[in-house]
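Working notes, beginning with the structure itself.
The values are calculated or read from the model by the stated rules, or taken from the named source; none is laboratory data. Given the structure is predicted, the values throughout are model-derived calculations rather than measurements. Please note: Cβ atoms are built from the backbone with ideal geometry, for glycine as well, and neighbour counts cover all protein chains shown.
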Amino acid sequence: MIRTASAILRKDLTIELRTKESVPAMTLFTVTVYVLFHFGLDRDSLDGELASGVLWVTLLLAAVIGVTRLFATEREQGGIDSLLLAPVDRTALFVAKATALFLYLLLLEIVAVPVFGLLLLGPDLFAAFPELAAILLLADIGLAAVGALVSALAAETRARELIVPLLLLPLVVPLLIGAASATEPLLREGGTSEDLGRYLALLGGYDLVFVLIALAVFDYLLDD
Amino acid sequence: MYSKGFKPLAIATVVAIAVSFALVFFYAPLDADQGFVQKIFYVHVPMAIVALCGFVAGGIMAIKHLRSGDRSWDMRSYVAIHLSIILGTGVLITGAIWAKASWGHWWLWDEPVLVSFLIVFLLYCVYYPLRFSIEDPDRQARYSSVFAIAAGAFVPINFAAVRLAEAVTHPRVLSQTGGNLPGEMRLTFLVSIVAMALLFVTLWKLELTAKNASMQLKRLRTTLELRSAT
């Protein structure tokens with residue numbers, strides 16, 4: 001199963017590397033949204049709640065783009081049929097797709113978070129670093145699991161581009177609550193976070209539940 | 001197949017609703033600081049509890065559908081979610097009225113139960129566009145079931161997360177669902193829950209029977225058309 005999953009993942013990453021479709025689009029989108037927030041809020045620098053809210057909402061909206069595109073290449077070129085005709089375990093497909101999305105999100109954040117620090121954030125970003133990295137990682141795992149599930153759910157519908165954001169955004173509200181509340185004290189000048197452990201536990205629990213659910217129900221999606 | 005025992009159930013529902021309204025208006029005491037408007041509590045909270053149970057039940061029926069491959073379970077799950085959404089609309093409206101009357105605002109973001117309910121409601125609203133944008137009936141049933149399971153599991157997680165976020169800033173003193181109600185209020189409240197649950201089951205059966213009948217009619221019509229064509 002791991003071999004199949006890594007083969008599909010390699011294929012996806014090669015396509016992404018050659019077409020440069022998802023990650024650059026997501027990155028560009030985040031930077032544009034920062035500019036929008038700058039003018040919308042009419043603020044030159046943000047901190048605390050506002051900073052963490054802007055950062056997380058922007059990242060989640062960018063994730064919507066990645067999730068919409070996740071099965072797009074297979075759909076458009078008909079590759080999904082050959083993929084499903086091959087003796088590929090659905091679980092392997094899920095693992096590959098979720099890992100691809102996880103890597104896209106990671107790449108996006110490597111660029112988007114420092115850019116946020118540069119453009120909008122008032123306090124120093126590096127002060128928040130080890131904790132922020134842990135929050136980002138945990139949130140990415142949950143986003144990747146939910147995103148792969150939503151993407152597969154929406155792949156067969158007529159209005160894919162419509163269903164993905166409508167479905168994904170309410171589902172990630174608990175993730176946003178955990179991530180934004182955990183990040184908020186880190187982005188405040190001299191802020192300390194006493195509740196960090198609790199929010200990390202929330203993120204971890206969310207990840208665990210949705211990875212398990214997705215693994216359990218993915219078998220019923222995408223078969224003809 | 002769905003109409004078995006419908007008549008006694010319908011009668012029980014009518015009686016339970018009549019009794020619960022009688023209790024609400026003539027038996028339950030007036031709330032000391034909220035007065036008459038507090039009586040909306042006997043509609044609002046049972047409706048919310050039944051709607052949430054309906055969502056989770058829809059998920060359980062969806063599991064049954066995926067395990068057995070029997071499409072009638074998908075129909076049950078669909079009708080349960082459909083009715084829960086209708087109740088959910090009622091919950092949000094009565095909740096807003098109650099909030100306006102007792103706190104002076106139509107909407108309060110620091111009320112975790114209300115906020116969680118809105119998120120769950122928004123998620124389940126996507127059930128319709130998802131379900132009806134898939135044409136193949138078999139696939140429609142399967143995908144809807146997957147949604148119902150994921151969303152059913154999401155309900156408790158979401159409530160826990162919203163409560164966690166609020167607990168830090170707004171400690172809750174009094175639980176809303178009636179942990180410390182006086183006896184007469186509690187009795188009225190329990191009867192109201194039973195009445196609302198019975199109403200839900202009755203409507204659920206009615207809708208299933210209607211859907212089943214119209215499906216059979218359609219099938220008969222196609223057979224008839226085929227036969228008259230040849």
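When you go through B:Val155, B:Val126, B:Val146 one by one, which is the residue that is modelled with pLDDT of 90 or more, touching a Phe, Trp or Tyr at 6+ places or on another chain (Cβ under 9 Å) and more than 23 Å from B:Val91 (Cβ to Cβ)? Can you show your working first?
Details: B:Val155 fails: more than 23 Å from B:Val91 (Cβ to Cβ); B:Val126 fails: more than 23 Å from B:Val91 (Cβ to Cβ).
The conditions single out B:Val146.
Does A:Pro174 meet the test of being part of a helix (DSSP H, G or I), free of Cβ contacts under 8 Å to residues at least 60 places away in the same chain, out of contact with any helix residue (DSSP H, G or I) (no Cβ under 6 Å at 6 or more places or on another chain) and not hydrophobic (A, V, I, L, M, F, W, C)? Before the answer, list the steps.
Numbers: part of a helix (DSSP H, G or I): yes; free of Cβ contacts under 8 Å to residues at least 60 places away in the same chain: yes; out of contact with any helix residue (DSSP H, G or I) (no Cβ under 6 Å at 6 or more places or on another chain): no; not hydrophobic (A, V, I, L, M, F, W, C): yes.
Spelling it out, it is not the case that A:Pro174 is part of a helix (DSSP H, G or I), free of Cβ contacts under 8 Å to residues at least 60 places away in the same chain, out of contact with any helix residue (DSSP H, G or I) (no Cβ under 6 Å at 6 or more places or on another chain) and not hydrophobic (A, V, I, L, M, F, W, C).
Out of the residues in the stretch A:176-209 meeting the condition of being touching a Phe, Trp or Tyr at 6+ places or on another chain (Cβ under 6 Å) and hydrophobic (A, V, I, L, M, F, W, C), tell me which one is nearest to B:Leu130 (Cα to Cα). Write out each step before concluding.
Taking the stretch A:176-209 first, the residues touching a Phe, Trp or Tyr at 6+ places or on another chain (Cβ under 6 Å) are A:176, A:178-182.
If we keep only those that are hydrophobic (A, V, I, L, M, F, W, C) as well, we get A:176, A:179-180, A:182.
Details: A:Leu176: 23, A:Ala179: 28, A:Ala180: 29, A:Ala182: 33 Å.
Restricting to residues being touching a Phe, Trp or Tyr at 6+ places or on another chain (Cβ under 6 Å) and hydrophobic (A, V, I, L, M, F, W, C), the top hit is A:Leu176.
Would you say A:Tyr220 is facing chain B (nearest Cβ under 7 Å), free of Cβ contacts under 8 Å to residues at least 24 places away in the same chain and either closer than 30 Å to B:Ile134 by Cβ or surrounded by fewer than 18 Cβ atoms within 10 Å (Cβ to Cβ) (or both)?
On the way: facing chain B (nearest Cβ under 7 Å): yes; free of Cβ contacts under 8 Å to residues at least 24 places away in the same chain: yes; either closer than 30 Å to B:Ile134 by Cβ or surrounded by fewer than 18 Cβ atoms within 10 Å (Cβ to Cβ) (or both): yes.
So A:Tyr220 passes the test.
If you scan the stretch B:17-44, which residues turn out to be small (Gly, Ala, Ser) and crowded, with 19+ Cβ neighbours inside 10 Å? Steps first, please.
Within the stretch B:17-44, the subset small (Gly, Ala, Ser) is B:18, B:20, B:22, B:28, B:32, B:35.
B:Ser20, B:Ala28, listed by residue number.
Could you please find all residues in the stretch B:180-230 being of a type outside the set (A, V, I, L, M), over 30 Å from B:Leu30 (Cα atoms) and over 26 Å from the mean Cα position of the chain (by Cα)?
Hits for the stretch B:180-230 are B:Gln216, B:Lys218, B:Arg219, B:Arg221, B:Thr222, B:Thr223, B:Glu225, B:Arg227, B:Ser228, B:Thr230.
When you check A:Asp207 against the structure, is it part of a helix (DSSP H, G or I) and either under 16 Å from the mean Cα position of the chain (by Cα) or crowded, with 24+ Cβ neighbours inside 10 Å (or both), yes or no? Give the derivation first.
Numbers: part of a helix (DSSP H, G or I): yes; either under 16 Å from the mean Cα position of the chain (by Cα) or crowded, with 24+ Cβ neighbours inside 10 Å (or both): yes.
So A:Asp207 fits the description; yes.
Give A:Leu162, A:Leu166, A:Leu149 a once-over and let me know the one that is in contact with a Cys (Cβ under 9 Å, 6 or more places away or on another chain) and within 9 Å of chain B (Cβ to nearest Cβ). Give the derivation first.
On the way: A:Leu162 fails: in contact with a Cys (Cβ under 9 Å, 6 or more places away or on another chain); A:Leu149 fails: in contact with a Cys (Cβ under 9 Å, 6 or more places away or on another chain).
After ruling out the rest, the residue left standing is A:Leu166.
Residue check: is A:Ile135 more than 12 Å from chain B (Cβ to nearest Cβ) and β-branched (Val, Ile, Thr)? Show your work before the answer.
Details: more than 12 Å from chain B (Cβ to nearest Cβ): yes; β-branched (Val, Ile, Thr): yes.
Answer is yes for this residue.
Is it fair to say A:Leu108 is part of a helix (DSSP H, G or I), within 12 Å of the chain's Cα centre (by Cα) and more than 10 Å from every other protein chain (Cβ to nearest Cβ)? Even if it seems obvious, please write down each step before you answer.
Details: part of a helix (DSSP H, G or I): yes; within 12 Å of the chain's Cα centre (by Cα): yes; more than 10 Å from every other protein chain (Cβ to nearest Cβ): yes.
The answer is yes for A:Leu108.
What number of residues within the stretch A:186-199 satisfy the criterion of being in contact (Cβ under 8 Å) with a residue 12 or more places away in the chain, within 12 Å of chain B (Cβ to nearest Cβ) and in a helix (DSSP H, G or I)?
Of the residues in the stretch A:186-199, 2 are in contact (Cβ under 8 Å) with a residue 12 or more places away in the chain, within 12 Å of chain B (Cβ to nearest Cβ) and in a helix (DSSP H, G or I).
Got a number for residues in the stretch B:117-149 being facing another protein chain (nearest Cβ under 7 Å), aliphatic (A, V, I, L, M) and either in contact (Cβ under 8 Å) with a residue 24 or more places away in the chain or within 16 Å of A:Ile177 (Cα to Cα) (or both)?
4
Being crowded, with 18+ Cβ neighbours inside 10 Å and at pLDDT 85 or above narrows it down to one residue among A:Thr68, A:Thr91, A:Thr14, A:Thr32; which is it?
Values: A:Thr91 fails: crowded, with 18+ Cβ neighbours inside 10 Å; A:Thr14 fails: crowded, with 18+ Cβ neighbours inside 10 Å; A:Thr32 fails: crowded, with 18+ Cβ neighbours inside 10 Å.
Every option except A:Thr68 fails the conditions.
Report the residue count in the stretch A:96-155 for those that are farther than 30 Å from A:Leu222 by Cβ and of a type in the set (S, T, N, Q).
Result for the stretch A:96-155: 0.
Provide a single number: the residues in the stretch B:45-55 that are over 30 Å from B:Pro182 (Cβ atoms) and surrounded by fewer than 18 Cβ atoms within 10 Å (Cβ to Cβ). Lay out the reasoning, then the answer.
Our first condition is that a residue be over 30 Å from B:Pro182 (Cβ atoms); within the stretch B:45-55, this holds for B:55.
Checking which are surrounded by fewer than 18 Cβ atoms within 10 Å (Cβ to Cβ) leaves us with none.
Final tally of qualifying residues: 0.
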